[in-house]
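The structure under discussion appears below in the form of structure tokens.
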């Protein structure tokens, strides 16, 4: 007699998971574990975190994966520890030491002046082992293949670079700081460039992301907590309401949207959420030539 298969686990509802990523895991590792916890293959992440970093990682579940490419995650905040007195191959603590220097003459005033130069609109050269693409290939892959990688500088914005503490150790100086920056900013490159400006070398010792766009550690849960209670941080309606401007529609207009018809423009800049009279999100939309065009349909007819 053949044994019957266990009943298939129902797919979870769509929404976002805000994960507090542990150190030592890649963002892909976190996605793999979330797939197992939530019981679905449809999991994606928005904005990677290096393995050594901890903190906020945004995951999309089921239909919410469609949101990930449209989320305005262009402002991020980090708690960072910078180590001055040595440079490394990766600009962080996981790389091999390239240079060392005496930091006894490095003063708090020198550090403050160096940080001031790295605040505001700056030109930054990403780390050679970053995920930046050069001619279609990731920079870190070119480095691993033995290539000499030169990445051009690009504009980034450091809105805030505040020192929390400075510790003058025997052979190095450690700086704890809050960094609020635009997407595409490498905090380890800030550590590298601060050390270079001071003439002693520098690298990133520790990094914790506390905010990504509107998502903060207050909503984040560890993977172990998710194992105990596999629930969304935000359902689809709450996720769109938190991350996008909101446009509420009457019943007739909502019906038109669900049937793929265009409606008058909202006069809203960028992508916004369309919500029906019952409060459920119908689509992400954007104004184009006087009409509202659906960018992503989330609740079709």
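Let me check against my output: what whole-number percent is the relative contact order of the range 17-88, with C-alpha pairs under 8 Å and at least 6 apart? Before the final figure, lay out the partial values.
Working: 89 pairs, mean separation 23.5, N = 72.
About 33 percent, as a whole number.
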Indicate the gyration tensor shape class of the range 44-116 (rounded, prolate or oblate), computed on the Cα atoms with a ≥ b ≥ c the square roots of the eigenvalues: a/c under 1.5 is rounded; otherwise a/b larger than b/c is prolate and the rest oblate. prolate
Grab the DSSP H runs of the chain that are 4 residues or longer, score each as -39,500 (n - 2.57), total them, divide by all residues and round the 222 nm result to the nearest 500 deg cm²/dmol. -6000 deg cm²/dmol
Fraction in percent of alpha-carbon pairs per bin - 10 Å, the range 244-297: 29, 64, 8
With no solvent and one point on each alpha carbon, what is the Debye value of log10 I(q)/I(0) for the range 170-301 at q = 0.15, 0.17, 0.20 Å⁻¹? -0.84, -0.93, -1.08
Under 10 Å, Cα contacts only: if you run a Gaussian network model on the chain, which one of 72, 11, 80 comes out with the highest mean-square fluctuation? 11
Subtracting the Cα-Cα distance from 0.36 nm times the residue separation, let me have the gained length for residue 269 to residue 42 in nm, one decimal. 78.7 nm
Neighbour-count ranking for 66, 255 (other C-beta within 10 angstrom, fewest to most) reads 255, 66
In degrees, nearest 10, the alpha-carbon axis of helix 187-198 is tilted away from the dominant principal axis of the alpha carbons of the chain by 20
Extension gain residue 295-residue 125, at 0.36 nm per residue separation less the Cα-Cα distance, in nm? 57.9 nm
Which residue, 209, 188, 167, tops the fluctuation ranking in a GNM of the chain built on C-alpha contacts under 10 Å? 167
I'd like the distance separating the alpha-carbon centroids of the range 209-253 and the range 22-46, in whole Å. 17
Normalised by the residues of the chain, what does the relative contact order come to in percent, with Cα pairs under 8 Å and at least six apart? 21
Rounded FRET efficiency, nearest 0.05, which uses the C-beta distance separating residue 280 from residue 117 and R0 of 51 Å: 0.55
Can you tell me what share of the DSSP beta bridges in the chain is antiparallel? A percent to the nearest 5 is fine. 90
Binned at 10 Å from 0, what are the whole-percent values of the Cα-Cα distance distribution for the chain, short to long? 6, 23, 26, 23, 14, 6, 2, 0, 0
Please report 61, 111 as a ranked list, fewest other C-beta atoms within 10 angstrom at the top and most at the bottom. 111, 61
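Based on other C-beta atoms within 10 Å, arrange 121, 92 from fewest to most. Before the final figure, lay out each step's value.
Numbers: 121 10, 92 25.
Ranking 121, 92 by Cβ neighbours within 10 Å, fewest first, gives 121, 92.
Computed from the coordinates by the stated procedures, all read-outs in this text should not be read as laboratory data. Here the structure is a predicted model, which is why all the values come from computation and not from measurement. As a convention, Cβ positions derive from the backbone with ideal geometry for all residues, glycine included, and neighbour counts pool all protein chains shown.
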